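Below: the structure, in structure tokens.
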Amino acid sequence: MVNSTVAPALTYWGQFQEISQHNADLNVAEKLWAAWYAWMQNDVLATGIMSFMMHELVYFGRSLPWIFIDSFGLFKGYKIQSGKVPSLREQWDCAKFVLLSHFTVELPQIWLFHPMAQFFGLSTSIPFPTFLTMAYQIAIFFVMEDAWHYFSHRALHWGPLYKAIHKIHHQYSAPFGLAAEYASPIEVMILGFGTVGCPIVWCAFTGDLHILTMYVWIVLRLFQAIDAHSGYEFPWSLHHFLPFWAGADHHDLHHEKFIGNYASSFRWWDYLLDTEYTPDALKRRRQNKGVSDKKAQ
Ligand SMILES: [Zn+2]
Ligand SMILES: [Zn+2]
């Protein structure tokens, strides 16, 4: 990390100032980052605490606007399953379950993250990677995770796996933001591998990945998952501008019908493998069936 001769009793801000004096070329975020690792004096703890706090803040922070929207009956015209607004009680029960899972299942795994990251060569050093490097790597992670999610989620809908694992996530047939991680611990591990494992696999092959890129990716992936469960479809939703983006419109139907629309971020796998569940896809399937029935006659 940063080469600074600092007394062990320095406060976090003391570390920050010390690093600022010796590394004038770094930006504020880089100095804050370096001061955190220098102050903690334990990289495993530093990464573990930062990862866990980031996950909690982003998960519940991003869910809050959706809780307000549901509680105050805002944007009613944009609710996908209009009659099914979750009560505060339902949201509270869901939040308790998710919190319990975060502290008992995810926290112990997060402590393993730094040693694993080091093993596969993820960097924690400064300066940070450029914006362009982060952007193209994150775009690749979105594509990789989406493929992993499609096939493992589709497998989770196979009878025995559905009953044993995935049924919990489908408790809410009209999803809401907080329900994104309402799932069996086994499911959290299987689907979580797509989010954490894809960048690790990428790094194992290329040797080029910074933990900050991983964090930005996880934040964006959390936004994607929570928004896909929000239950609201707006004229300004992303898939109107990026037609291959999945969004709430795509995943809400999956919860309502329990079939089709298995992918997380994009629509291409469901389209290519004919598992789309949209009015257009159903019409297309009916037409195709009509043609093959005629041919059979
Ligand atoms: Zn499902
Ligand atoms: Zn879901």
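List of remarks:
- Test: residue in the stretch 202-212 that is more than 16 Å from ligand 2 (Cβ to nearest atom) and among the small types (Gly, Ala, Ser): yes
- Identity of the residue in the stretch 138-190, of a type in the set (S, T, N, Q) and assigned to a helix (DSSP H, G or I), that ends up farthest from residue 69 (Cα to Cα): 152
- In the stretch 167-178, the residues that are in contact with a Phe, Trp or Tyr (Cβ under 9 Å, 6 or more places away or on another chain) and within 12 Å of ligand 1 (Cβ to nearest atom): 168, 169, 170, 171, 172, 173, 175
- Candidates 146, 208, filtered to the one that is over 30 Å from residue 95 (Cβ atoms) and among the charged types (D, E, K, R): 208
- Of the residues making up the stretch 21-64, those that are within 21 Å of residue 117 (Cβ to Cβ) and not in a helix (DSSP H, G or I) number 2.
- Scanning the stretch 218-252 for residues that are of a type in the set (Phe, Trp, Tyr), in a loop (DSSP other than H, G, I, E, B) and either out of contact with any helix residue (DSSP H, G or I) (no Cβ under 8 Å at 6 or more places or on another chain) or within 16 Å of ligand 2 (Cβ to nearest atom) (or both) returns 236, 241.
- Taken residue by residue, the stretch 249-260 has no member that is more than 16 Å from ligand 1 (Cβ to nearest atom), crowded, with 21+ Cβ neighbours inside 10 Å and more than 13 Å from the chain's Cα centre (by Cα).
- The conditions of being surrounded by 14 or more Cβ atoms within 10 Å (Cβ to Cβ) and at pLDDT 85 or above are not met by residue 103.
- Any hit, the stretch 93-111, residues being in a helix (DSSP H, G or I), of a type in the set (Gly, Ala, Ser) and in contact with a helix residue (DSSP H, G or I) (Cβ under 6 Å, 6 or more places away or on another chain): yes
- Residue match in the stretch 128-151 (condition: within 14 Å of ligand 1 (Cβ to nearest atom), in the same structural domain as residue 249 (by TED's automatic domain parsing) and surrounded by fewer than 17 Cβ atoms within 10 Å (Cβ to Cβ)): yes
- Residue check for residue 91: surrounded by fewer than 17 Cβ atoms within 10 Å (Cβ to Cβ) and either closer than 20 Å to residue 228 by Cβ or not assigned by TED's automatic domain parsing to the domain that holds residue 178 (or both): no
- Selection status of residue 120, touching a residue at least 60 places away in the same chain (Cβ under 8 Å), within 15 Å of ligand 2 (Cβ to nearest atom), of a type in the set (Phe, Trp, Tyr) and out of contact with any strand residue (DSSP E or B) (no Cβ under 9 Å at 6 or more places or on another chain): no
- From 103, 97, 113, residue being touching a Gly at 6+ places or on another chain (Cβ under 8 Å) and either of a type in the set (Ser, Thr, Tyr) or within 30 Å of residue 198 (Cβ to Cβ) (or both): 113
- Checking residue 75 against (1) in contact with a strand residue (DSSP E or B) (Cβ under 9 Å, 6 or more places away or on another chain); (2) buried (at least 17 other Cβ atoms within 10 Å of the Cβ), the condition it does not meet: (2)
- Within the stretch 253-274, considering residues that are under 24 Å from residue 196 (Cβ atoms) and of a type in the set (Phe, Trp, Tyr), the one farthest from ligand 2 (Cβ to nearest atom): 268
The values are calculated or read from the model by the stated rules, or taken from the named source; none is laboratory data. The structure presented is a predicted model; accordingly, all values stated were derived computationally and were not measured. So basically every Cβ, Gly included, is an ideal-geometry build from the backbone, and we count neighbours across all protein chains shown.
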